[in-house]
Every structure is written in structure tokens, then in C-alpha cells.
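**Student:** Please read through the structure below; I'll follow up with questions.
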């Protein structure tokens, strides 16, 4: 349960997903030369560990209970994989906001994964939201000098 709630962060009042995203953000301060490898390792390891944990939580509570926030952490870590994400506080803030907007409103294809049950889908919708954020930030970077 500690993994799913990020050591209780998911139990904070109001907007647990946002709290979970913010709790994952300190990794942005890792040394750049290790950043990609550490983040990718975290994404893979926590995804593998979290799927069966979330499955068990869903059996006891409901589909994607709000206190499960490890999926938000994994999703924002996907965004942090961008090498230029760490270069500017404004890009960090924009990435955080874009990710939360996509995760909250769940446009297609995020909604496809969100409308299914199971630990895999709980995490997949946030990974897709992270990838959507990456795509938006990448396209934006092509037009900004």
C-alpha cells in the first residue's frame, strides 16, 4: 500500500493525483548525467511492482481509487525523460501543468486506457498522458528558438 500511495501522499486531502505528481518531482534535481537511466529504471521497476499491487487494491476498494498515486508519479517521470525538461523552471512548470491537465481531462487516447479496469490500465493512462505531454513539449520546442 505504501508504494501505491507514495508513502501516504495519496491520502492527502483534495487533489491526491496532483500531490502524487508533486511528490515525484524531486527527481528533477538528479545529476543530469544519471537522470535518464535513473528515471527509466524507476519507470520500469515501479510499473512492474505496481500493477499487481493496484490489482489487489482494486479488488478491495474500487476501480482506480483516488488514493493510488503511483501512476501519477510514473507518468510525470515519463515527462522528465526529456533532456531539455530540466533546463528551465518554466518548462518544468509547463510540463507539470500539461501532464495534470491531460491526466484530469483524459482526451483520447488516454480515455481508452482509463475506461478499463486493472493495474495495467491504471498506470497506462498516466504513461500515455506523460507521452502526450512529451509530444506537446517537443512540438513546442521546434517552434521556440
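Readers should treat all values here as calculations from the given coordinates under stated rules, not as data from a laboratory. Predicted, not measured: the structure shown is a model, and the values here were computed from it. Every residue, glycine as well, gets a Cβ built from its backbone with ideal geometry; the counts of neighbours run over all protein chains shown.
**Student:** Inspect region 41-59 for any residue being in contact (Cβ under 8 Å) with a residue 24 or more places away in the chain, in a helix (DSSP H, G or I), touching a helix residue (DSSP H, G or I) at 6+ places or on another chain (Cβ under 9 Å) and closer than 18 Å to residue 135 by Cβ and give the result as yes or no. Quick ask: steps written out before the conclusion?
**Tutor:** The first filter runs over region 41-59 and keeps only residues in contact (Cβ under 8 Å) with a residue 24 or more places away in the chain, leaving 42-43, 46-47, 49-55, 57-58.
Keeping just the survivors that are in a helix (DSSP H, G or I) gives 42-43, 46-47, 49-55, 57-58.
Then keep just the ones that are touching a helix residue (DSSP H, G or I) at 6+ places or on another chain (Cβ under 9 Å); that gives 42-43, 46-47, 49-55, 57-58.
Applying the additional criterion that residues be closer than 18 Å to residue 135 by Cβ yields 43.
Yes - at least one qualifying residue is present in region 41-59.
**Student:** Then there is this: Exactly one condition in (1) in a helix (DSSP H, G or I); (2) surrounded by fewer than 18 Cβ atoms within 10 Å (Cβ to Cβ); (3) in contact (Cβ under 8 Å) with a residue 40 or more places away in the chain is not met by residue 38; state its number.
**Tutor:** Checking residue 38 against (1) in a helix (DSSP H, G or I); (2) surrounded by fewer than 18 Cβ atoms within 10 Å (Cβ to Cβ); (3) in contact (Cβ under 8 Å) with a residue 40 or more places away in the chain, the one that fails is (3).
**Student:** Have a look at 90, 98 and point out the one that is over 17 Å from residue 7 (Cα atoms) and surrounded by fewer than 17 Cβ atoms within 10 Å (Cβ to Cβ).
**Tutor:** On the way: 98 fails: surrounded by fewer than 17 Cβ atoms within 10 Å (Cβ to Cβ).
So the residue among 90, 98 that is over 17 Å from residue 7 (Cα atoms) and surrounded by fewer than 17 Cβ atoms within 10 Å (Cβ to Cβ) is 90.
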